[in-house]
């Protein structure tokens, strides 16, 4: 009889189980999973902030709807990261450099997506701040800080993972693209945080 394949679904775990898995160096979850969880928290706090703003105008509903979609998507990426890690483990076991490089691309793609989406979240939070930062300042500030943490975490993983890639063009382009995103979005995030800090004085 063939051995039954068991797929562990991390998005269904409670916070204690998930954080314990992240803390285990021998476990399946790694930095991108943590970045995805942090990103999901950023979206959740952004959604909380959007719900604290009174009213139900078209733009507010747009922000709420998209922050909730992104929250769900970031949780989904936890398990996508684990799938990519399985591909990497198999490639390393086979010792095929081409397959290892393909696996590096796969696991970096998750972190790249987290970075891309956190940039989108910062744009959404900026719009929310422009609508009514005063009604949601603490939650808004928390969302921005957490989005930046997820972005930085994912970027550091990409830097680490691409160090061992044989495809140095891919490694350079991927790192540089992420640097450009950070250079563009860090000032936007800092501007929102400055507004929040001023409101909370």
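Computed from the coordinates by the stated procedures, all read-outs in this text should not be read as laboratory data. Since the model is a prediction, treat every value here as computed from it, not as a measurement. Please note: Cβ atoms are built from the backbone with ideal geometry, for glycine as well, and neighbour counts cover all protein chains shown.
Side notes on the structure shown:
- With the gyration tensor restricted to C-alpha atoms of region 1-102, the semi-axes of the equivalent ellipsoid amount to 35, 15, 12 Å, longest first.
- Residue 130/residue 156 FRET efficiency (R0 30 Å; Cβ-Cβ; nearest 0.05): 0.50
- Helix-only mean residue ellipticity at 222 nm for the chain, each DSSP H run of n ≥ 4 adding -39500 (n - 2.57), per residue, nearest 500: -29000 deg cm²/dmol
- Recomputing Cα extents along the principal axes in Å from the coordinates shown identifies the correct label among (1) 59, 42, 29; (2) 132, 29, 22; (3) 53, 39, 24 as (1).
- Two-site label geometry, residue 20 and residue 99: point separation in nm, points 7 Å out along Cα→Cβ: 3.3
- The chain, relative contact order in percent, only Cα pairs under 8 angstrom and at least six apart counted: 27
- For region 113-147 and region 155-201, distance of Cα centres in Å: 16
- A protection proxy built from the mean count of other Cβ atoms within 10 Å ranks the segments 118-125, 152-159, 14-21, 173-180, most packed first, as 118-125, 152-159, 173-180, 14-21.
- Extension gain for residue 163-residue 69 works out to 30.6 nm (0.36 nm per residue, less the C-alpha to C-alpha distance).
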